[in-house]
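The structure appears below as structure tokens.
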Amino acid sequence: AVCYLKNIYIFVTCKVNCSFYFKIGACRHGDRCSRLHNKPTFSQTISLLNIYLHNLQNSAQSADGLHCAVSDVEMQEHYDEFFEEVFTEMEEKYGEVEEMNVCDNLGDHLVGNVYVKFRREEDAEKAVMDLNNRWFNGQPIHAELSPVTDFREACCRQYEMGECTRGGFCNFMHLKPISRELRRELYGRRRKRHRSRSRSRERRSRSRDRRRDRERRRSRDRERSGRF
């Protein structure tokens, strides 16, 4: 009977990990979730919570207080400006960014979340420590390390196929796309840097090979001169 009660106690007190938090770094239940949210102590990915005010909606207030329509083109331009500003800031201040994504969801736990995946974990840690002391658009930034490593697992596949019936309140990420031009510009710069690094590595490798060849020739010459 004691063992039976002990097993019940262990079952009740030992919580299971929250699969939603593990996959998308957020959970609609928040601190009230009955499952564990294991926050990582190291990660390549950071999340900036509720930082993108994407609910700018399709209207803007003019100087006389009237609402005027904002076109889809203007909305995309506004979003591209935001994305470029954050992406560039992350790379210039903290380190190389592998991937950056912005949630287009409406649920409180995902609305306006920005996920930045750095190449190095040290850069992500440095970014979190610094960003939590900064403000953006008149609001304090809340940054934390995120368990998300594979955005394909975190994204809503139905949304990508245009078939999600839950809309903005889906519990999986609906990622807001940037324009093709901006994607080429931001990620093209990274490819150029990689090509530059690889060319530099190739030059260093060729230089080492040449040095080794010269040393081998000198060694052979010394051996010949020693024989005769």
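The values are calculated or read from the model by the stated rules, or taken from the named source; none is laboratory data. Just so we're clear, the structure is a prediction, and the values are computed from it rather than from any experiment. Don't worry about glycine lacking a Cβ; one is built from the backbone with ideal geometry, like all the others, and counts go over all protein chains shown. Quick note on the areas: whole protein, heavy atoms, side chains included, nothing else; ligands and nucleic acids left out. Shrake-Rupley method; radii C 1.70, N 1.55, O 1.52, S 1.80 Å.
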Matching residues in region 147-166 - criterion: being of a type in the set (S, T, N, Q), open to solvent by less than 100 Å² (accessible area, probe 1.4 Å) and either part of a helix (DSSP H, G or I) or farther than 26 Å from residue 37 by Cα (or both): 158
Qualifying residue in region 32-48 (condition: modelled with pLDDT under 70, of a type in the set (Ser, Thr, Tyr), touching a strand residue (DSSP E or B) at 6+ places or on another chain (Cβ under 8 Å) and open to solvent by less than 60 Å² (accessible area, probe 1.4 Å)): no
Subset tally (residues that are under 28 Å from residue 124 (Cα atoms) and open to solvent by 30 Å² or more (accessible area, probe 1.4 Å)) for region 69-90: 8
Of the criteria (1) outside any helix (DSSP H, G or I); (2) modelled with pLDDT of 95 or more, which one residue 107 fails: (2)
When residues of region 123-146 are limited to those that are in a helix (DSSP H, G or I) and open to solvent by less than 30 Å² (accessible area, probe 1.4 Å), the one farthest from residue 52 (Cα to Cα): 123
Condition met for residue 169 (modelled with pLDDT under 95 and open to solvent by less than 80 Å² (accessible area, probe 1.4 Å)): no
Residue list for region 76-108, filter: over 18 Å from residue 185 (Cβ atoms) and either touching a Cys at 6+ places or on another chain (Cβ under 6 Å) or of a type in the set (Ser, Thr, Tyr) (or both): 94
